[in-house]
Amino acid sequence: MNSTDSATPIPVHRIAIPNPFFEGSTNAYLLDAQPLTLIDTGIGTDEAFAALSRGFERAGHRVESLQRIILTHKHQDHFGLARRPQDLTGCETFVHEDDWRDVAEVSERVGEYVEILCRRLSTWGAPAADVENLVRMPHMLDKLAGSIEARRLNDGQRLSCGASEIEVIHTPGHTIGSICLQMDDVLFTGDHVLPG
């Protein structure tokens, strides 16, 4: 029996963050332990920050108390809001090493990203007018998900969380650096498992 078998489970608070894309909302999870940890943040909008703040309040906390963010992957609807609590708290933020560059340098690389996207959409036969609309995308992308300071995670790494540990499980596919996180008998999957 390990030390976590007899420990009281860490309270986990699911916070639904509004997402302007087709999914409707992104789940973030507040782990009520030391360090106070948030898994994913949602997208970088005022509406998302208001929802995150309400979720913290329902859990008996304030965003200003946040100590750590762990990101399941690099997509803007999962990390876009990270810069705001990071600016408020100075909290550490972690992402898998294979997604690190697209989180830590997204603002600097947004032009490159739009160019790749335009080229691929044209190759796939997307309407020319839709591809041309992407020229406005760099400003929007930086607003919804700008560069953040982040530390690199790797497969099998463990982070302490109260009396428990969070194990990083590298699950490439949705993104090359997509991870799941195992804490005791709870598995956090990010977008590794999708409805339907």
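The values are calculated or read from the model by the stated rules, or taken from the named source; none is laboratory data. All figures in this text were calculated on a predicted structure; none of them were measured in a lab. No Cβ is skipped: glycine too gets one built from the backbone with ideal geometry, and neighbour counts run over all protein chains shown. Heavy atoms of the whole protein, side chains included, go into the accessibility calculation; ligands, DNA and RNA do not. Shrake-Rupley method; radii C 1.70, N 1.55, O 1.52, S 1.80 Å.
General remarks:
- Of residues in the stretch 50-80 being touching a residue at least 40 places away in the same chain (Cβ under 8 Å) and part of a helix (DSSP H, G or I), the one farthest from the chain's Cα centre (by Cα): Arg58
- For the criterion of being at pLDDT below 95, open to solvent by less than 60 Å² (accessible area, probe 1.4 Å) and of a type in the set (A, V, I, L, M, F, W, C), Ile39 fails.
- Residue that is surrounded by the fewest Cβ atoms within 10 Å (Cβ to Cβ) [pool: residues in the stretch 177-196 that are modelled with pLDDT of 95 or more and under 15 Å from the mean Cα position of the chain (by Cα)]: Cys180
- Only listed residue being within 21 Å of Asp191 (Cβ to Cβ), of a type in the set (D, E, K, R) and not in a loop (DSSP other than H, G, I, E, B), chosen from Arg119, Arg84, Arg152: Arg152
- Scoring Gly162 on the criteria (1) open to solvent by 40 Å² or more (accessible area, probe 1.4 Å); (2) touching a residue at least 40 places away in the same chain (Cβ under 8 Å); (3) touching an Asp or Glu at 6+ places or on another chain (Cβ under 6 Å) leaves a single failure, condition (3).
- Scanning the stretch 72-119 for residues that are of a type in the set (D, E, K, R) and either within 17 Å of Ile43 (Cα to Cα) or touching a Pro at 6+ places or on another chain (Cβ under 9 Å) (or both) yields Lys74, Asp77, Arg83, Arg84, Asp87, Glu92, Asp98, Asp99, Asp102, Glu105.
- Single residue of His96, His13 found to be closer than 22 Å to Thr171 by Cα and either in contact (Cβ under 8 Å) with a residue 60 or more places away in the chain or open to solvent by 30 Å² or more (accessible area, probe 1.4 Å) (or both): His96
- Looking only at the stretch 46-55, and only at residues there that are crowded, with 18+ Cβ neighbours inside 10 Å and of a type outside the set (Phe, Trp, Tyr), the one that is nearest to Gln76 (Cα to Cα): Ala48
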